[in-house]
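One structure is given below, encoded as structure tokens.
The values are calculated or read from the model by the stated rules, or taken from the named source; none is laboratory data. These figures come from a predicted structure and were not determined experimentally. Counting neighbours? That spans all protein chains shown, and the Cβs are built from the backbone with ideal geometry, glycine included. These area figures cover heavy atoms from the full protein model, side chains too; ligands, DNA and RNA do not enter into them. Shrake-Rupley method; radii C 1.70, N 1.55, O 1.52, S 1.80 Å.
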Amino acid sequence: MLVPWPNRVRDGRWTHDEVVHQLAITEPARNNAIHGLLRYTAYHELDRDRDSVTLGADIYPQLGYPFLLRTAVRYELVSDGLDVTHFIENLGSEPAPVAVGTHPFLKIGGVRTEELELRLAAASHIEVDERLLPTGEVPVEGTPFDLRGGARVGDLSLDDAFGEVEVEEGESVHSLTAPDGRSVAMWADDEFGYVQVYTTRTYPGEDGDAAIAIEPMTAPAEAFNSGKGVRWLHPGEQWEVRWGIRFAGFSAE
């Protein structure tokens, strides 16, 4: 869970109301603060039933983030996949900036991931510098980053963020489709205005096959400085966002 920010903050430094906040540097090679404050935090079980489990973890005031948050995430098995709901509540006395991201890797059993076709419902690409920090956002039209019509995963090399996600009926959908027609998709509600795609051959897999993560984000890198996608929670306010994994074309057997 990438909370209270996904991706990176340049030099771990952000400013609000002329106050400079210095986060711990958690990506020393690029001198960034990366992926929030819960990566090494233990979760505890809040609730469990036959089809779901809810886990909780608190964020306490600390270096560069002087806010108190209660967070929880519920995973629920549904007929066509998995639904995930995040809950964040501001337990402090001041408004707190928050954003959410996750890192789901997707595959389809019995098919090499490199043979899957990726369709990404996003109309802009976020350009970055050598530290993977944003330098601009440009339309994907006419570029290799236009994945709205589909591209073979094995032909891609991505660690890229995209914006202007296309939302229909309250959700965006980004999918992988096998040659036999089976598909798996990552969907997200309209709070998730950004998506990151990461392809790799060094992730543990089968016979050197590719791996791909399709990662929903409510905000892009450097959001605490740019303000893009950041939600300011007032004291006592709770924020709820949803995404999930959906499959189609699989036999009921």
Would you confirm whether or not the range 229-236 contains a residue that is farther than 21 Å from V84 by Cβ and open to solvent by 70 Å² or more (accessible area, probe 1.4 Å)?
yes
In the range 167-183, residues that are of a type in the set (A, V, I, L, M), under 22 Å from F145 (Cβ atoms) and open to solvent by less than 10 Å² (accessible area, probe 1.4 Å) total 1
If you take the residues in the range 31-87 that are of a type in the set (D, E, K, R) and in contact (Cβ under 8 Å) with a residue 60 or more places away in the chain, which one is nearest to F224 (Cα to Cα)?
D83
So, of the residues in the range 140-149 that are touching a residue at least 24 places away in the same chain (Cβ under 8 Å) and surrounded by fewer than 18 Cβ atoms within 10 Å (Cβ to Cβ), which turns out to be farthest from E215 (Cα to Cα)?
G149
Of everything in the range 106-136, what is surrounded by 18 or more Cβ atoms within 10 Å (Cβ to Cβ) and free of Cβ contacts under 8 Å to residues at least 40 places away in the same chain? Give them in sequence order.
H125
Taking into account only those residues within the range 150-166 that are open to solvent by less than 30 Å² (accessible area, probe 1.4 Å) and in contact (Cβ under 8 Å) with a residue 40 or more places away in the chain, which is farthest from L120 (Cα to Cα)?
G154
Filter result (assigned to a loop (DSSP other than H, G, I, E, B), among the small types (G, A, S), farther than 12 Å from F162 by Cβ and modelled with pLDDT of 95 or more) within the range 110-142
G142
Residues of the range 87-105 satisfying the condition of being open to solvent by 10 Å² or more (accessible area, probe 1.4 Å) and either among the small types (G, A, S) or not in a loop (DSSP other than H, G, I, E, B) (or both)
F87, E89, G92, S93, F105
